[in-house]
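Okay, so here's the structure we're looking at.
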Amino acid sequence: MYDAVNTEQSVQQTETKISARNVQVYYGDTHAIKDVDVDIADKTVTAFIGPSGCGKSTFLRCLNRMNDTIDICRVEGRIELDGEDIYDPKVDPVQLRAKVGMVFQKPNPFPKSIYDNIAYGPRIHGMARNKAELDEIVERALRRGAIWDEVKDRLDAPGTGLSGGQQQRLCIARAVATEPEVLLMDEPCSALDPIATAQVEELIDELRQNYSVVIVTHSMQQAARVSQKTAFFHLGNLVEFGDTSQIFTNPEDPRTESYITGRIG
Ligand SMILES: Nc1ncnc2c1ncn2[C@@H]1O[C@H](COP(=O)(O)OP(=O)(O)OP(=O)(O)O)[C@@H](O)[C@H]1O
Ligand SMILES: [Mg+2]
């Protein structure tokens, strides 16, 4: 039904990058994520799909402790990155988020120049020894965000002055500038036109060579195009997780089938 273009790669064995066990998330009394167990592979794109409100964003935010910033939110269970508990009190969430970067649905550039939007993280993490190195990091990140050609002559202009689609590619460039090991993307293309969407999908495929990428998407075509693994969430449960080609052609659970054939959602 959907073309799963990456089928051959999906059978390739890859190491687990993030492992989640028995994860529960509550917003006050609302139990938003229930008993989720999943292993997210390295060098793989994993898509989270499911109807609105099923908990995709909530679970994604567990993976870099972004839920810590929501007062009423409580996370239980165990999540490991390379075998280390990310909720250990010794873990600095700021360092964690440099390793596990995030791109949000709504572009959120800092009120700074295009250059400084990208240079911000690398500066904090001491990634450049001098201005020339920082310039290089900025150019490389903007190229990877597929936006270099559009901004190279106005790096001092404010990031907020770009179009919505350009701002989103700027945010993707900002997220990759710190060389994260995992990139979380929550509906990253919903503000983009088809050309920018194609550029971002190409970028995601390229990032997969080195990183683990998790993308939330409402587009099943997009999930089929970019991911090797797919997780289907429904009412806070992870109903089915497997190779993207299997989920889209031969789902095991009737709820998955209903969703991908458009009967729920
Ligand atoms: N900040 C919050 N405070 C209270 N409840 C929340 C909060 N964020 C999410 N929820 C609730 O948690 C549940 C899961 O929401 P979540 O945003 O994770 O869903 P989603 O799958 O990302 O949906 P969508 O596809 O619409 O983005 C919903 O019932 C939602 O109302
Ligand atoms: Mg969401």
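The values are calculated or read from the model by the stated rules, or taken from the named source; none is laboratory data. Note that this is a predicted model, so its numbers are computed, not measured. Positions of Cβ are generated from backbone atoms using ideal geometry, with glycine treated the same way; all protein chains shown enter the neighbour counts. Each accessible area value is taken on the protein alone, full model and side chains, heavy atoms only, with ligands, DNA and RNA left out. Shrake-Rupley method; radii C 1.70, N 1.55, O 1.52, S 1.80 Å.
Of the residues making up segment 228-240, none is modelled with pLDDT under 95 and among the aliphatic types (A, V, I, L, M). Among the residues of segment 20-37, is there at least one that is surrounded by 15 or more Cβ atoms within 10 Å (Cβ to Cβ), at pLDDT 95 or above and not in a strand (DSSP E or B)? No, segment 20-37 has no match at all. In the set (1) hydrophobic (A, V, I, L, M, F, W, C); (2) in contact (Cβ under 8 Å) with a residue 40 or more places away in the chain; (3) buried (at least 16 other Cβ atoms within 10 Å of the Cβ), A128 fails one condition alone, (2). Taking the conditions exactly as written (farther than 21 Å from P111 by Cα and within 16 Å of ligand 1 (Cβ to nearest atom)), does M127 satisfy them or not? The answer is no for M127. If only residues of segment 141-164 that are open to solvent by less than 30 Å² (accessible area, probe 1.4 Å) and free of Cβ contacts under 8 Å to residues at least 40 places away in the same chain are counted, the one that is farthest from V200 (Cα to Cα) is V151.
Inspect segment 39-49 for any residue being modelled with pLDDT under 95 and either of a type outside the set (F, W, Y) or surrounded by 13 or more Cβ atoms within 10 Å (Cβ to Cβ) (or both) and give the result as yes or no. Checked segment 39-49: no residue is modelled with pLDDT under 95 and either of a type outside the set (F, W, Y) or surrounded by 13 or more Cβ atoms within 10 Å (Cβ to Cβ) (or both). For segment 176-190, indicate whether the set of residues that are over 22 Å from R61 (Cβ atoms), touching a residue at least 12 places away in the same chain (Cβ under 8 Å) and either in contact with a strand residue (DSSP E or B) (Cβ under 8 Å, 6 or more places away or on another chain) or in a helix (DSSP H, G or I) (or both) is non-empty. Checked against the condition, which is being over 22 Å from R61 (Cβ atoms), touching a residue at least 12 places away in the same chain (Cβ under 8 Å) and either in contact with a strand residue (DSSP E or B) (Cβ under 8 Å, 6 or more places away or on another chain) or in a helix (DSSP H, G or I) (or both), segment 176-190 yields no hits at all. Applying the criterion of being assigned to a helix (DSSP H, G or I) and touching a residue at least 24 places away in the same chain (Cβ under 8 Å) to the residues of segment 191-201, the residue that is farthest from ligand 1 (Cβ to nearest atom) is Q199.
Go through (1) within 15 Å of the chain's Cα centre (by Cα); (2) part of a helix (DSSP H, G or I); (3) over 20 Å from Q222 (Cα atoms) and name the single condition I204 misses. Among (1) within 15 Å of the chain's Cα centre (by Cα); (2) part of a helix (DSSP H, G or I); (3) over 20 Å from Q222 (Cα atoms), the lone unmet condition for I204 is (3).
What about L235, is it more than 20 Å from the chain's Cα centre (by Cα) and within 14 Å of ligand 1 (Cβ to nearest atom)? Judged against the criteria, L235 is a match.
Taken over segment 50-80, the criterion of being within 9 Å of ligand 1 (Cβ to nearest atom) and surrounded by 15 or more Cβ atoms within 10 Å (Cβ to Cβ) is satisfied by G50, P51, C54, G55, K56, S57, T58, F59, L60, R61, N67, C73. Of all residues in segment 208-251, which are under 17 Å from T44 (Cα atoms), in a helix (DSSP H, G or I) and open to solvent by 40 Å² or more (accessible area, probe 1.4 Å)? Listed by number, the residues that qualify are R225, Q246.
When only residues in segment 91-123 that are of a type in the set (F, W, Y) and in a helix (DSSP H, G or I) count, which is surrounded by the most Cβ atoms within 10 Å (Cβ to Cβ)?
Y115
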